[in-house]
Amino acid sequence: MTARSREVPQDMLAALRQARTRGGEALSDSLARLGVRPLAGGMQNDLYRWTSPDGDDTVIKFYTKTDRRRAEREWAALNLIKPHHLGTVPVPLWLDPAEAEPALGMTVLHGTPLLAAPDQLHALRGLAHTTTQLQAVPLSGLMAELPRIDSGEHYLVRLTQAWPKLLEEQADDPLAPAMQQLLAAWHSSGDADVVIEQDEPILSRGDANLLNWLQTGDSAACVDFEYAGFSNQAFDAADHIEHISARDVPDEVWVKVLPDLGVTDANRKRFAANQRTCALRWLAVLWKQRVRRRDEFARQHERVDMLFGPSNPYA
C-alpha cells in the first residue's frame, strides 16, 4: 500500500473499534461521545461519519470483509483519481491497514440518490459523463495490475462451471430445462469468446450498483471503489445497464444513453455480447433465490429472453 496522505486518527479509531465490539446502547453512547454516527448504505462493510474536534467531517469505512484486497483497491483507485480533481468521487484522506478490519477515511459527498431523480435521462447522462471521466484516468500501479472484481472473465466462470453444475443437480426443477436452453443459446452465440477478447483497458469502479450514485446538481457522483481495477468500456457499459439495480430504468432511456457510455458502431458487437452475458449472470444469481425472490427471478428470465430474441431494443 502507498504511503498515507494524512495522519491516521489512531486514538479515535481505537476507541471506535472498542465501541464496535460492545454493540447495543453502549455502542450508541460511545458513538455520540466520539462525534461519530453510522451511515446507511454499507451493504458489505460499515460506514460512519466522524466530526472531528476541529469540525471537519470524514467518512470512515471499516472493511468487515478483507478478501480480494478491497481496502487496497479502494485506496489505490481514489489516490489515482485524486490529482484529476473530478469532484465527483471522495478524496482519500488516510488508510489504517489493520489486519482484522482495515479502515479508510475519505471526504463526504453530497447529493440525492440518483435513482430518485425526476429526470432519469438527465441523471444517467450525468452518470455516463462521470464514468467516462474515470475511464480517461491513466492506469498505473495496482489499478493497472488487477482486473476489476466481477469482471467478464469472472462472470464466465459462473456461466460455464458453477451454474451448469447446479442445474444438473436440480434437473427435476420444472424451470431447469428453460435455463439450460438459455445457456445453450448463449454458448452457441459465441458471446463468451467476445467477452474475453482483449480491448483497451480503462479504470473501472468494478461495481455497477446504481445505489452508489448521487445526483449533484447537473452532475453525478459515486462512491465505493473496493472492487476497482481495470476493465473495458463495452463491458462496463453493459454491466451498468444490466445490473439488477437498473431494472426500474426503461430500456428506451438506456438506449439513449448508449453513446454517452461509449457504445459505438465499432464496439456494438462487443457491447451486445457483454450485455447478454451480464444479464444471464444475474439470472444465474437469482436462480439460487428463485423461491424467495420469485418476482425478480421471473422478471430477469423475461429480460434474458428479450435480449436473445427479435424484440431486443439494443440490437
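Per-structure values
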{"quantity": "Strands (runs of 3 or more DSSP E) enclosed by the range 6-79 - at least 3 residues per element that are free of Cβ contacts under 8 Å to residues at least 40 places away in the same chain", "calculated": "36-39, 46-51"}
{"quantity": "Pick from the range 13-48, criterion surrounded by 15 or more Cβ atoms within 10 Å (Cβ to Cβ) and among the charged types (D, E, K, R), ranking: farthest from Ser245 (Cα to Cα)", "calculated": "Arg17"}
{"quantity": "Sole exception among (1) more than 20 Å from Lys61 (Cα to Cα); (2) not assigned by TED's automatic domain parsing to the domain that holds Ile241 for Pro97, by number", "calculated": "(1)"}
{"quantity": "Single condition Thr131 does not satisfy, out of (1) surrounded by fewer than 17 Cβ atoms within 10 Å (Cβ to Cβ); (2) outside any loop (DSSP other than H, G, I, E, B); (3) not assigned by TED's automatic domain parsing to the domain that holds Lys65", "calculated": "(1)"}
{"quantity": "Wholly enclosed strands (runs of 3 or more DSSP E) of the range 159-258 bearing at least 2 residues of a type in the set (Gly, Ala, Ser)", "calculated": "219-222, 229-231"}
{"quantity": "So Pro90, is it more than 30 Å from Asp199 (Cα to Cα), part of a loop (DSSP other than H, G, I, E, B) and not assigned by TED's automatic domain parsing to the domain that holds Asp199", "calculated": "no"}
{"quantity": "Residue among Arg268, Arg276 that alone is within 21 Å of Trp163 (Cβ to Cβ) and assigned by TED's automatic domain parsing to the domain that holds Leu142", "calculated": "Arg276"}
{"quantity": "Qualifying residue in the range 157-166 (condition: closer than 19 Å to Lys288 by Cβ, surrounded by 13 or more Cβ atoms within 10 Å (Cβ to Cβ), modelled with pLDDT of 95 or more and out of contact with any Lys or Arg (no Cβ under 9 Å at 6 or more places or on another chain))", "calculated": "yes"}
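The values are calculated or read from the model by the stated rules, or taken from the named source; none is laboratory data. Bear in mind the structure is a predicted one, so any value in this text is a computation, not a measurement. Cβ atoms come from the backbone with ideal geometry, glycine included; neighbour counts cover every protein chain shown.
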